[in-house]
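Right, one structure below, let's go through it.
The values are calculated or read from the model by the stated rules, or taken from the named source; none is laboratory data. The shown structure was predicted, so the numbers you read here are calculated from the model rather than taken from an experiment. Neighbour counts are summed over all protein chains in view; Cβ atoms, including those assigned to glycine, are modelled from backbone coordinates with ideal geometry.
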Amino acid sequence: MRPPAEPAAAPSASAAPRVMPTAPVAVPAPSLNARQTTVCRALLSQLPDRLQDLPRRDVTAGHEQNAAYGDPAVTVACGAAPVPSLPPEEKVWTLNGVCWHQRDEVWTTVDREVPVQITMPLAYQPPGQWIIGLSNTLVATVPSAATIPAGCATRS
């Protein structure tokens, strides 16, 4: 056996494992009332340790209402500010039984008793496929709102 005539190529940067930051992800933690706290704790207790291939990371505030995954961080914020009233023609997305309003990288539930907001960096495409991974947990832990936007009611 002879060695190859040319040395083997060095592995490409994309083949090398990515180092995950260890610093917590900075997230705000707005005040929650007792009901919101209960709902958010239920949600956070059921979120997976991984979102697809992204490991869960620590957050700087609101451990009972916030979660983060990967780098760049996908963040989940329970008890987020609700989306203002949506006109009937406003586009919403129903993914696995949860109705979402999307503005840029921010997806907010519009049919849940306690609004949940997911910030989905553009690095993760298509974003809906990532959101679907969290929708089942939302259906199981965050009750539906008493009223939902018209665009959600017409979708299945």
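Could you look through the stretch 21-43, keep only residues that are under 18 Å from the mean Cα position of the chain (by Cα) and closer than 13 Å to Val59 by Cβ, and pick out the one that is surrounded by the most Cβ atoms within 10 Å (Cβ to Cβ)?
By that ranking, first place goes to Cys40.
Does the stretch 114-122 contain any residue that is farther than 18 Å from Arg103 by Cα and touching a residue at least 60 places away in the same chain (Cβ under 8 Å)?
yes
Which ones in the stretch 69-100 are among the acidic types (Asp, Glu) and in contact with a Pro (Cβ under 9 Å, 6 or more places away or on another chain)?
Once the filter is applied, which keeps residues that are among the acidic types (Asp, Glu) and in contact with a Pro (Cβ under 9 Å, 6 or more places away or on another chain), the stretch 69-100 yields Asp71, Glu90.
Scan the stretch 122-142 and tell me whether some residue there is surrounded by fewer than 19 Cβ atoms within 10 Å (Cβ to Cβ), in a strand (DSSP E or B) and either among the aromatic types (Phe, Trp, Tyr) or on the phi < 0 side of the Ramachandran plot (or both).
Checked against the condition, which is being surrounded by fewer than 19 Cβ atoms within 10 Å (Cβ to Cβ), in a strand (DSSP E or B) and either among the aromatic types (Phe, Trp, Tyr) or on the phi < 0 side of the Ramachandran plot (or both), the stretch 122-142 yields no hits at all.
Here's the yes/no breakdown for (1) modelled with pLDDT of 80 or more; (2) aliphatic (A, V, I, L, M):
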{"site": "Arg2", "(1), (2)": "no, no"}
{"site": "Ala29", "(1), (2)": "yes, yes"}
{"site": "Asn33", "(1), (2)": "yes, no"}
{"site": "Trp93", "(1), (2)": "yes, no"}
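Name every residue in the stretch 122-131 that is within 10 Å of the chain's Cα centre (by Cα) and within 15 Å of Ala68 (Cα to Cα), in order of residue number.
Selection gives Trp130, Ile131.
How do the pairs read when you match residues in the stretch 28-48 that are under 19 Å from Leu138 (Cβ atoms) with residues anywhere that are in a helix (DSSP H, G or I) and among the aliphatic types (A, V, I, L, M), using Cβ under 7 Å and keeping only pairs 6 or more apart or on different chains?
Taking only residues 6 or more apart or on different chains, the pairs are Leu43/Leu138; Gln46/Ala140.
Considering only residues of the stretch 85-113 that are buried (at least 22 other Cβ atoms within 10 Å of the Cβ) and among the aromatic types (Phe, Trp, Tyr), which is farthest from Val139 (Cα to Cα)?
Trp107
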